[in-house]
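Report on the structure given below.
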Amino acid sequence: MDISRTKFVIFFLISGFAFLFITTSLLGSTGPRGFPKHPDSFLRTASPKPWKSTVSTIIVPIKIVLIGPLLLSTDFLRDDPPPPFIAIYLIFYWTILASIIHYLLGKLKRS
């Protein structure tokens, strides 16, 4: 790839947080914020409006990849941790994910 790994990771982190903020703000029931609060769901929105339910269903695969390991730790979410801990967790996970994606895209381009 022509872009450096550091720039790719930074772009991936910014895009991930923007995606999470936009989907939480648009589909959330309690207004704009960066992270869903308990009992809001990270994946789906139980909304009486059909468009919110449809959009929520469409983006579930993306959210599963972006916050997958966070869903495995149900005790972590049940305790309602402060947002900085969730952000640090996501930065760590997304850095690893972005590095793997950058490596795989570089391999595809070379072959």
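Restricting to segment 45-83, what's the tally of residues that are farther than 24 Å from Phe12 by Cβ and either modelled with pLDDT of 65 or more or assigned to a loop (DSSP other than H, G, I, E, B) (or both)?
13
Which condition from (1) modelled with pLDDT under 80; (2) within 16 Å of Phe19 (Cβ to Cβ) is the one that Ile91 breaks?
Among (1) modelled with pLDDT under 80; (2) within 16 Å of Phe19 (Cβ to Cβ), Ile91 violates only (1).
Can you confirm whether Ile86 is closer than 25 Å to Ile3 by Cα, part of a helix (DSSP H, G or I) and either at pLDDT 75 or above or not charged (D, E, K, R) (or both)?
Judged against the criteria, Ile86 is not a match.
The values are calculated or read from the model by the stated rules, or taken from the named source; none is laboratory data. Since the model is a prediction, treat every value here as computed from it, not as a measurement. Here the Cβ is made from the backbone with ideal geometry for all residues, glycine too, and neighbour counts use every protein chain on show.
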